[in-house]
Amino acid sequence: MAGPDLIVRNVSWQDDMVDVWLGGGRILRFAPLGEKAEECALIDGRGALLLPGLIDAHVHLREPGFEYKEDIASGLTAAAGGGFRAVLAMANTKPVNDSAAVTRFMLEQAADTHPFGPRLYPVGALSKNLAGQELAPLAELAEAGCKALSNDGVPVANADLFRRALEYASDLGLPVIDHCEDPHLAAGASMNEGRLSGLMGLKGQPVAAESLHVARDILLAQYLNLPVHLAHISCRQSVELIAWAKARDVRVTAETCPHYLLWTEEMVKGFNTLAKVNPPLRRMDDVEALRQAVREGIIDILVTDHAPHADHEKETPMDEAPGGISGLDTALSLSWTLVQRGILSAEDLCRLWAHRPAEIFALPSGNLTPGDPASFILFDTDATWTVTPQAMRSKGKNTPCLGQDLPGRVRLNVVDGHVVFQDAIVS
Amino acid sequence: MLWPHKDLLCISQLTNEEVLHVFRTARRFAEINARPIKKVPTLKGRTVILFFVEPSTRTKTSFDIAGKRLSADTYSLSASASSLRKGENLKDSALTLQAMHPDALVLRHPQSGAAEFLAQRLSCSVINAGDGWHAHPTQALLDGFTLCEIWGEDMTGKKILIVGDIAHSRVARSDVLLFTMLGARVRLCAPKTLLPSGVNTWPVDVVSDLTSACEGMDAVICLRLQLERQQAGLLPDLREYARHFGLNAARLRKANPGVRVMHPGPMNRGVEIDAALADAEQSLILEQVSAGVATRMALLFLYLTRKDQPAEA
């Protein structure tokens, strides 16, 4: 066996302090602290926690078309600093990613700006121009490199078209991700429907706008015996439907986001456009149902739904502001607050952010056993940082936790043996 | 009382005592409005911009007259004439107006929260003349002033019915806050499609049948039905709405003797209010308009002579 080409010293791994030896892009071994090796590069991990590199199966990187909000270069830089080894980028760009040309363009931008990672996996549009009328050329998208298909951002109202998409995509082996939202029930909404929307005089989105489509998708998946993945689940009703489906072995998987596990509709008080997101932040009862669902695996994975917007777009009254929260910079720290509060464990985070997404989207595994690809991060759980526009690497500074202190900082991000992010503290 | 607030955004900002102070100030200005010469020099040299991003004739005219009677210089800017039509966003419009150094900006805007949005960004007073479905505090204050002039300042035990499109009504939201604060009991009447979500948590009772809703009422406020509610599928047609939710003399007989009828205007005669009833002696609709000028004079006076107003040079 060849010697290591990089040793990351002094990291916390399975309640032990060890050195990690890397070679040929793979993990060679976990060695006792300070064990001598031949001449190779060294990084001092300063005791930080070793975690598998995270996968974010739901981001909007805005390129092509909306580069003033984010581009692939800035989005992947934020992903690298946020601890991600891969992101799946949604198709609601301009032009929409409904052709091999756009998919290849996205892959080229990623390869040019971040040749060693984090990896960009494009998600192809389910329907042409996301219009929900005709299927996009799904096989062409698969061949060009799309890892999943979705109409995210523009939910498919037509159940028959959605059914055909599930069937056609299954021949290609590509997961279908559905943004569950009834367009009529959700039309024009700025926040969750309830007491608060009534008082504030804002149009609210009832939870049924989501759960109705969750039920539709589950029933179709059961009838067709085909898989479906449900995006950014936000409410108890949906959780209960997914639990019902999983108890019957329906091939459904689901995701939610840190913001739905942490915040409620109260965040929009004072007409706070930074807390406007789609689906909207719900009530505490929904938050509690989601927390239990991610613990128990009813909801399979966490994603950011990273939705960067320019400052001036959010600096408007509520109705006008676009929905969305910029998430790549804060996702792991926000998740860690759940660990600190005893709601999730560090093992839960590895499952929700790394292992299950790799399974669902058939990405290389990152189990961190010797021989596996060397894709991991060092997370300094003792650090805290203040969320400021300067501290965020994404172009989108739109998060309601702006100004808050969050726990934990990514110090090192290694993808397939290549350092893609390194904090000055570890050298 | 030195006025402690920079902006008037929502009734919930005000205390009971402050509301009564507005009424007492309005009463003094109502006397001026009854004189042959209606102008006083109180706000001479002050600049008030009327920024109306949504069509409105009566509220804008009311503020305009109120400002001019106090000798303030008023300037009107409406959506059709403003740069908003050319794609300028609200923040930039507001900062542009701010750079002209007004003392107060009166805003009417179709989006809930627009007044608060401006108030956070401007150093001048922002007076909310209606934002989306959220709040219309000057309308509520003039409604309260109108009734106070008849009932006196203590409304304890009085019962007020608001009937119509509560869900989309900034007037209803502000009226409920104000009348409840003054001690009155408020009842709402509307089809469920026109009730706000969470109304069961409001300090009101809800009655769906208008005839029974009128029982025991001392005042009934009819709300304008926007005709687009029918297109949005919230009600089948205007005829059916008028039959079930239009106020008429027969229904009003269930109310207490001396019941008063109000409407914030503009009315759809024959829809939410019977055509003849609007002109009947119970009607306070024109009194509301007069009270509007006096109330807005009081508000401009209080906000432009407030505590933290810079001293004269």
Discussion item. So residue B:159 ticks every box in (1) open to solvent by 10 Å² or more (accessible area, probe 1.4 Å); (2) within 14 Å of chain A (Cβ to nearest Cβ); (3) touching an Asp or Glu at 6+ places or on another chain (Cβ under 7 Å) but one. Which box is left unticked?
Written reply: (2)
Practice prompt. Pick out the one residue from B:264, B:196 that is assigned to a loop (DSSP other than H, G, I, E, B), within 28 Å of residue B:62 (Cβ to Cβ) and within 14 Å of chain A (Cβ to nearest Cβ).
Written response: B:196
Discussion item. Please go through the range A:329-376 and give me each residue that is among the charged types (D, E, K, R), assigned to a helix (DSSP H, G or I) and over 17 Å from the mean Cα position of the chain (by Cα), ordered by number.
Written reply: A:347
Practice prompt. Output the residues belonging to the range A:329-368 that are among the hydroxyl-bearing types (Ser, Thr, Tyr) and surrounded by fewer than 21 Cβ atoms within 10 Å (Cβ to Cβ).
Written response: A:337, A:345, A:365
Fill in: Identity of the residue in the range A:188-223, open to solvent by 30 Å² or more (accessible area, probe 1.4 Å), over 21 Å from residue A:288 (Cα atoms) and outside any loop (DSSP other than H, G, I, E, B), that ends up nearest to the other protein chains (Cβ to nearest Cβ)
A:199
Worksheet entry | Flag for residue A:381 being polar (S, T, N, Q), in contact (Cβ under 8 Å) with a residue 60 or more places away in the chain and open to solvent by 10 Å² or more (accessible area, probe 1.4 Å) | yes
Worksheet item: Would you pick out the residues in the range B:102-144 that are open to solvent by 10 Å² or more (accessible area, probe 1.4 Å), out of contact with any helix residue (DSSP H, G or I) (no Cβ under 8 Å at 6 or more places or on another chain) and in contact (Cβ under 8 Å) with a residue 24 or more places away in the chain?
Response: B:102, B:110, B:116, B:119
Worksheet item: Which one is modelled with the lowest pLDDT, of the residues in the range B:28-67 that are in contact with a helix residue (DSSP H, G or I) (Cβ under 7 Å, 6 or more places away or on another chain) and within 20 Å of residue B:118 (Cα to Cα)?
Response: B:53
Item to complete: Would you mind telling me which numbered condition in (1) open to solvent by 40 Å² or more (accessible area, probe 1.4 Å); (2) of a type outside the set (Ser, Thr, Tyr); (3) part of a loop (DSSP other than H, G, I, E, B) residue A:419 fails?
Response: (3)
Worksheet item: With A:137, A:155 as the choices, which residue is away from every other protein chain (no Cβ under 14 Å) and modelled with pLDDT of 95 or more?
Response: A:137
Worksheet item: Do you know which residues across the range A:223-237 are touching an Asp or Glu at 6+ places or on another chain (Cβ under 8 Å) and either acidic (Asp, Glu) or farther than 18 Å from residue A:153 by Cβ (or both)?
Response: A:224, A:226, A:235, A:236, A:237
Discussion item. Going through A:250, A:239 one at a time, which residue ends up being more than 14 Å from every other protein chain (Cβ to nearest Cβ), among the β-branched types (Val, Ile, Thr), open to solvent by 10 Å² or more (accessible area, probe 1.4 Å) and in a loop (DSSP other than H, G, I, E, B)?
Written reply: A:250
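The values are calculated or read from the model by the stated rules, or taken from the named source; none is laboratory data. Model, not experiment: these values are computed from the prediction. We place every Cβ from the backbone using ideal geometry, glycine too, and count neighbours over all the protein chains shown. Heads up: the accessible areas ignore ligands, DNA and RNA and are worked out on the full protein's heavy atoms, side chains in. Shrake-Rupley method; radii C 1.70, N 1.55, O 1.52, S 1.80 Å.
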